[in-house]
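This report concerns only the one structure given below.
The values are calculated or read from the model by the stated rules, or taken from the named source; none is laboratory data. In this text the structure is predicted, and so the values were computed from the model without any measurement. So basically every Cβ, Gly included, is an ideal-geometry build from the backbone, and we count neighbours across all protein chains shown. Keep in mind that these areas ignore ligands, DNA and RNA; they rest on the heavy atoms of the full protein, side chains included. Shrake-Rupley method; radii C 1.70, N 1.55, O 1.52, S 1.80 Å.
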There are 2 protein chains.
Amino acid sequence: MSPKLTGEILRQLRQAMRNCKYFSEPIQAYIIPSGDAHQSEYIAPCDCRREYISGFNGSAGTAIVTEQHAAMWTDGRYFLQANHCLCNETPSQEDWLISVLPENSKVGVDPWIIAADQWKNMSKALISAGHCLVAVQHNLIDVVWPDRPERPSTQLRTLGLEYTGTSWQDKVTMLRAKMTERKIGWFVATALDEIAWLFNLRGADIEYNPVFFAYAIVGMNTIRLFVDLKRLSHPVLRDHLQLDAPIKPELSIQTFPYESVYTELQAICAALGPKDKVWICDKASCALTQVIPKAHRTPIPYTPLCLAKAVKNATEIQGMKMAHIKDAVALCELFAWLEKEIPKSTVTEISAADKAEELRSQQKDFVGLSFPTISSVGPNGAIIHYRPLPETNRTLTLNEVYLIDSGAQYVDGTTDVTRTVHFGTPTAFEKECFTYVLKGHIAVSAAVFPNGTKGHLLDSFARAALWESGLDYLHGTGHGVGCFLNVHEGPCGISYKTFADEPLEAGMIVSDEPGYYEDGSFGIRLENVVLVIPTKPKYNYRNRGSLTFEPLTLVPIQVKMMNTELLTKKERDWVNDYHRKCREVVGAELERQGRKEALEWLIRETQPIV
Amino acid sequence: MSPKLTGEILRQLRQAMRNCKYFSEPIQAYIIPSGDAHQSEYIAPCDCRREYISGFNGSAGTAIVTEQHAAMWTDGRYFLQANHCLCNETPSQEDWLISVLPENSKVGVDPWIIAADQWKNMSKALISAGHCLVAVQHNLIDVVWPDRPERPSTQLRTLGLEYTGTSWQDKVTMLRAKMTERKIGWFVATALDEIAWLFNLRGADIEYNPVFFAYAIVGMNTIRLFVDLKRLSHPVLRDHLQLDAPIKPELSIQTFPYESVYTELQAICAALGPKDKVWICDKASCALTQVIPKAHRTPIPYTPLCLAKAVKNATEIQGMKMAHIKDAVALCELFAWLEKEIPKSTVTEISAADKAEELRSQQKDFVGLSFPTISSVGPNGAIIHYRPLPETNRTLTLNEVYLIDSGAQYVDGTTDVTRTVHFGTPTAFEKECFTYVLKGHIAVSAAVFPNGTKGHLLDSFARAALWESGLDYLHGTGHGVGCFLNVHEGPCGISYKTFADEPLEAGMIVSDEPGYYEDGSFGIRLENVVLVIPTKPKYNYRNRGSLTFEPLTLVPIQVKMMNTELLTKKERDWVNDYHRKCREVVGAELERQGRKEALEWLIRETQPIV
C-alpha cells in the first residue's frame, strides 16, 4: 500500500471523525486495533482495518489517528519493520494520547474490536486525564473503505473421533462440569479456535487458522451456536451436530445467525436470576462483555475451553506426531533440493518458500500453511517476522545464512519449525551465535521441572548462554500450539514477559525457539515444537512429580553451523540422541514414501558429533 | 504463649466484636494482620497483636476471628511451623471468609495496620459476596490486651557523610527532582526504613531493624517530620537536622508529634489545588491513604526513596564490604571454636547462636543482630525459619548437619549469611543435596545478564540442578539488603513469585540463598550477600551493557559437604576463586586482629579443590 493512498484515507478518516452522522459530538482521536470481533491473531481481509489505514501489515499493532497525528504501536517482534513505518514506540498509547490531545477530548473506538480489558485500562487512563473513551458503533474505517471485502463463509469440515479423541458432546459435558464447580450458569465463547475445538468443526474463514466466524453460548440445558446459517445445510454437518435428531435435550444445539449474538445474549441476561453468573473471557470484545450486567459478569483470563484445549489427549498427541513426521519428510526433501539448486543461483526466498509449500502439499491430509513462511537470507534474517516480498526477495547463495520458519496445517495436526542453515562456509561468529542459540534450545528442551511450574520460569534457560557472551534476543521463547488449530494459542508459553500464564501440564504442546539477530547481517532461530511429558528423576520432592519436554519436530539441526567445542558433553549427547530419533522415525517414513535423495540427506545430516 | 490463654483472649475478642461501644453495629469477623502502621516486616512488642491473639510468632501471617472460627494464613516459609498452629492454608482469606460468614456480614479491620492495596482487594471480594469491610478505628486487640507495651522511643543516632555518602539535604533534593519530573507536589513517606535513610538517622525502636517510628511529608518547599518530639532534644541531632538554623528555607524541617500525621495530612490535602498530586506507596496504611482524596492520590508500588535507597553509593558499598569482612572474622572464629567444642557435646543451637553474637559484638561498630539467628541441627534445619527455643534446642554433634543463618547490624553495613556444615561425616545424600544447592548458588552468583533484567528471571538458575533430580525448595532465592538498615528491603529480589520487582541495577545488593529441606531430617541453605556490578562480556548486544554479581559475604563454604564430582570445571573454578578471595581478604583482617586459630581454620578450609 503506497504512503500516498494512506494519506488520502487518513484525510477521509479525519473527516469522518468530525462527521456528526456517526456520533452526537465529533471525536478528537480514533483508535484502530489490529483485531477482529473475536480478538483473533490472524484476521480475515474484511477485518484488516488497521492495515488499510496504516499500510503496516504486521500481525500485531494498533494505530491511533488524531486531528494532527497518526501513530502506531507494534510489539518487539516487529521492532525493525516498524521503524520504517508510521512512528516509533516508547510512550504507551494512553500516555501518547494524553500528551497530544486537547483538553476534554473524546477518543473513539469500535467496541467490537477492542477487548474488554483493554477498554477498561484505556478508559481509566483517559478519564484520569480529563478525556473520555467513546464506543463508536459504526466502524469509521468501514466508512472510508469503499471496496471492503465480505466476511468469509467457507465450507465447514467435521472432525471425527479418530482426530479429536473426544466428541463435542463430551466436551460440552466437561465444560458444564467446570461451570457447576464454579457455580456459573452461562458461558459465552467468543474465541474462534475455542468454538472450533468445542464442536469438532474446522473452517477456512481466516488464512492459516482453520476456524470459522461464530459465537457460542452454553447454558446448563441449552447450547446456542451463532453462525452464518447457510453453512449448516450439508447433511454431514447436520448429522455431526445432531441438529435434526438430538439424542438428549440438553445436548441439542440451537442455531442462530452470526449477527444475532448481541440480542440473544441480551435476552439471556434479561432472564437471569439475581445470583446467576455468566463466564466470559476478559479478552472478549468490549461490546459483548458489556451486554452482561456487571453483577452477573464473571470475567476470566482464560476460559475452561482454552485450558482444556491446551492439554492434548492421546489421539491428538498421536495426530500431532504424525503431522510432524510428514512435515519433516517435506523439509528433508526441501533441504536436499536446496543443496542441489543453490549453486545455480536460481533459488530465492520466495521460490524456496513456494517449494516448501509444494513439498508439504504432497503429504497426506495437508490443508494449508499454518502461518506465512519466513524465508530469509542474510540481513533479512535479522528482521524477526520477515516475510519475503518481491521488493525484498534475496537469492539463496553459498555465502549467507538462510533462516526458514514455516509450518502447516494437516487434518491430524499443526506444525511450526525453524531451521537456520548455511550452504557454504559459515563465519566463526555465525557459528558461535548459532551454538549459543542451540545451547539455549537444548537447555529448555532438556529441562526437568516440577509439576505446577509456569512456562515463564524456563525462559532464562534459553538465554543463559547468549547472556554470558553479552547477547540476547527480543522475543519470547515459546508459544502454545493447537492441534489442527491456531499455531499460536494460550494459555501457556515461555516468555520473559510475566504474563499470567498457566502452569505447564503433561499433554501441553509449546514451541522452543530461541534466536539471535545481528542487524544488517544475519538471523538465527532454532525452533522445535515440544510436548510436555511426565518424567521420573531420581527423587520426587513432596510427591509433586516432574515434567520435561519431548520434541515433536524431527528435522536435523545443521551440524555445520555448530561450534561443537562450545558444547558440553550433555549437549552433544542431546544432539546425537535427537538426530538418532530423526533418522529412525523420519527415515522410515522417507523410505516408505520412496524419497531416496531426502533419505540420503537425512542420513548424512544426522551423523553423530564428537 | 499457652493455648489456654489464647482461648480466653479469643473469647474476650469475640465479646468486643459484639460490643457496640466500638461501632454502630456488631461485626461478624475481625481481621488481625501481622503488621504495624508502617507495614514493617519486624514489629515492636506493642504491635505484636496477631501474635498476642494467635500465639503464632512467625514474622508474616494474618489471623481472622469470626464468631465461630479462628484461622491463620502464613507464607510458604512457615509451612512446617504453621502446621502446628491454628489452621492450614489453601483458600484465600477472602474465599475462607465468604465460605464461613452468614449473609450480609460486617468484617472489621484496623485501617492503620492494613495496607491500602490489601484493603482494596479484600473489600472488593467481600462486597461481591454481599458482605462489607469496615474500618474499626479502635483496635480490638488493644481492647483485650491489658498490659500492652508502650510504643518505643529509643535514642536516635545521626550518620555522617563517611557512612552515608549523601547528605539528607541532597536526598531531599533528589526526591524533589523525581517529584518535579512526574508533576507530583507532595510525597508521604510511611516506611520506617525509607524515613531513616532519607534523614540519615537510625533508631532502635524495632529489634533487628535500626529504625524509629516516624512519618515524613515532603512538599516542594517544606519538609515535615512526625516523630516523638522528645527525641529531638539532643544538640547533635538538632544540628544534624539543622532544626535551629536551616541554611535554606526549602531545606528547613518542621517537626510534629508522631500522632499528628493524620490531621496534618488532612490540612495539606484541604489546601491542594485541583491538579495537585500526592505520592503515597500502595502498601501504606489504608487509614493514611484514604486521607488523600482520590483525585489527588497517586499510589505507587515503590516510592522513589525505596528505589534510590536500593542502589548503594560508593561509600555505602565500601561500608557494606567492611561490615562483611568483620562479619566473616566472627564466623571464622565461630566455626573454629565449634570444631573444638562440639566433641564435648556442650554446644547447643542456642549456645552456638549466642557465641556467634558474642563474637560479632567484638567487632568494631557492632550494633546488634540483623534478624533472629537461625541455628538449627538435623531435623530442625528443615524448618525454614526455625528459631531455637529452649523446648526445641538440640545439641550440635558429629552426626547431624548444622545450619546457621545469621547476620548483624554494624554502623557501616548489614550482613546476612547462611552456612551449612557437618562436623563429622555427612551422608552421600546430604552431600548430593548440598552440591545441588551449591550449583544453584553459583549459577545465580556467576550469572551474566543484560541491564534491565528483573531478578525473578534469575530464580530458575538457582533451582535447575535441584529440579533435574526432582528436588526443590519452597522459598524465594534472594531479597534486597539495606545498608545499616533492614535486612530485607525492596524493590528487587530473586523469586519465582513474579511480584512487580524492579530491574536489577549496578549498586543494588541482594542475597543469593537457595536451599534444600528434607523434612524430619536436615536442612541445607547457602547464602551470600552479593553486589550487582557491571561486567563486560565478549559482545554488547544493542549497547545494553551487562551485569553480574560480586559476593560481599566472604565465609568459606564447607568442602566436606561437597560431592566435587558433581561440579563442572567452571563451578570448581568458582569455588576456588571464591575461597582464594576469602583467604586473602578475611585472612588479612584475622591477622591484623591477631586471631590465630581462626586464621588457621580459614587457611585450611580454603584449600583449592580439584
Note to self: Please compute the average number of Cβ atoms from other chains found within 10 Å of each residue's Cβ in peptide A:448-461.
What the structure shows: 4
Item checked: Helix-derived mean residue ellipticity, 222 nm - over chain A, DSSP H n ≥ 4, -39500 (n - 2.57), to 500 -> -10000 deg cm²/dmol
Check: For helix A:314-341, what angle does its Cα long axis make with the longest principal axis of chain A, in degrees from 0 to 90 and rounded to 10?
Finding: 60
Note to self: From the P(r) of chain B, could you give the percentage of C-alpha pairs in the tail past 44 Å?
What the structure shows: 22
Check: Measuring from label point to label point, each 7 Å out along Cα→Cβ, what is the A:Y539 to A:Q12 span in nm?
Finding: 6.9
Checklist line | Chain lengthening between A:L161 and A:Q607 when straightened (0.36 nm per residue, less Cα-Cα) | finding: 156.6 nm
Notebook entry, point to check: Where does helix A:428-445 land angle-wise versus the long Cα axis of chain A, in degrees 0 to 90, nearest 10?
Noted result: 60
Notebook entry, point to check: Could you give me the ³J(HN,Hα) list for segment B:388-400, computed from phi with Karplus coefficients 6.51, -1.76, 1.60 and θ = phi - 60°, whole Hz, x at Gly and Pro?
Noted result: x, 10, x, 7, 10, 4, 9, 8, 6, 10, 7, 10, 10
Next item on the list: Take every residue in peptide B:535-544, count the Cβ atoms of other chains within 10 Å of its Cβ, and give the average of those counts.
Entry: 5
Margin query: When the expected Rg is taken as 2.2 N^0.38 Å, what fraction or multiple of it is the alpha-carbon Rg of segment A:311-606?
Written below: 0.95
Notebook entry, point to check: Under a 1.4 angstrom probe, counting protein chains only, how are A:M179, B:M322 ranked by accessible area, largest first?
Noted result: B:M322, A:M179
Notebook entry, point to check: Calculated FRET efficiency, A:C269 and A:E181, Cβ-Cβ r, R0 25 Å, to nearest 0.05?
Noted result: 0.65
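For chain B, give the share of DSSP beta bridges that are antiparallel, in percent and rounded to the nearest 5; count only bridges with both residues there.
Approximately 75 percent, going by the DSSP bridge assignments.
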Next item on the list: Put a label point 7 Å from Cα along the Cβ direction on B:N19, then list its distances to the equivalent points in the other copies in nm, shortest first.
Entry: 7.2
Next item on the list: Only Lys, Arg, Asp and Glu count, each charged at its Cβ (+1, +1, -1, -1), so figure out the dipole size of the protein assembly as shown about its Cα centre, rounded to 20 debye.
Entry: 860
Margin query: Ignoring solvent entirely, what values of log10 I(q)/I(0) come out of the Debye formula for segment A:477-610 at 0.09, 0.14, 0.18, 0.22 Å⁻¹ when each Cα is a single scatterer?
Written below: -0.36, -0.86, -1.23, -1.34
Notebook entry, point to check: Which value in nm describes the separation of the simple spin-label points at A:Q362 and B:D117, placed 7 Å from the Cα toward the beta carbon?
Noted result: 5.9
Checklist line | Debye log10 I(q)/I(0) at q = 0.04, 0.06, 0.07 Å⁻¹ for the protein assembly as shown, Cα point scatterers | finding: -0.25, -0.59, -0.81
Item checked: From phi via Karplus (6.51, -1.76, 1.60), per-residue ³J(HN,Hα) for segment B:342-357 in Hz, x at Gly/Pro -> 4, x, 7, 6, 10, 9, 10, 3, 5, 5, 5, 5, 4, 4, 4, 5
Next item on the list: Kindly report the accessible area of segment A:511-592 per residue (heavy atoms of protein chains, probe 1.4 Å, no ligands, DNA or RNA), in Å².
Entry: 41
Check: Just how far, in whole angstrom, is segment A:410-484 from segment A:252-318 if you go by their alpha carbon centroids?
Finding: 35
Notebook entry, point to check: Residue farthest toward the positive end of the dipole of the protein assembly as shown, with Cβ of Lys/Arg at +1 and Asp/Glu at -1: which of B:I442, A:L474, B:L241?
Noted result: B:L241
Note to self: Counting only protein heavy atoms, probe 1.4 Å: which residues of segment B:466-483 lose 10 Å² or more of accessible surface in the full assembly compared with their chain by itself?
What the structure shows: B:W467, B:E468, B:S469, B:G470, B:L471, B:D472, B:L474
Checklist line | Radius of gyration and maximum dimension Dmax of segment B:157-308, Cα, Å | finding: 14.8, 43
Note to self: Give the average, rounded to an integer, of partner chain Cβ atoms located within 10 angstrom of each Cβ in A:510-520.
What the structure shows: 1
Item checked: Counted charge near A:V347, where neighbours are those whose Cβ lies closer than 9 Å (Asp, Glu -1; Lys, Arg +1) -> 0
Next item on the list: Determine, from the Cβ-Cβ distance of A:C20 and A:I127 and an R0 of 30 Å, the FRET efficiency 1/(1 + (r/R0)^6), rounded to the nearest 0.05.
Entry: 0.80
Item checked: Label point 7 Å beyond Cα along the C-beta direction, distances from A:G368 to other copies (nm, shortest first) -> 7.2
Notebook entry, point to check: Relative to the first principal axis of the alpha-carbon coordinates of chain B, what is the inclination of helix B:116-128, with its axis defined by its Cα atoms, in degrees from 0 to 90 and to the nearest 10?
Noted result: 60
Margin query: If I model a spin label as a point 7 Å beyond the Cα along the Cα-Cβ vector, how far apart are those points for A:L566 and A:D244 in nm?
Written below: 6.5
Check: What size of dipole, in debye to the nearest 20, comes out for chain A about its Cα centre when the only charges are +1 on Lys and Arg C-beta atoms and -1 on Asp and Glu C-beta atoms?
Finding: 1320
Check: How high is the relative contact order of segment B:311-606, in percent, with contacts defined as C-alpha pairs under 8 Å that are six or more residues apart?
Finding: 21
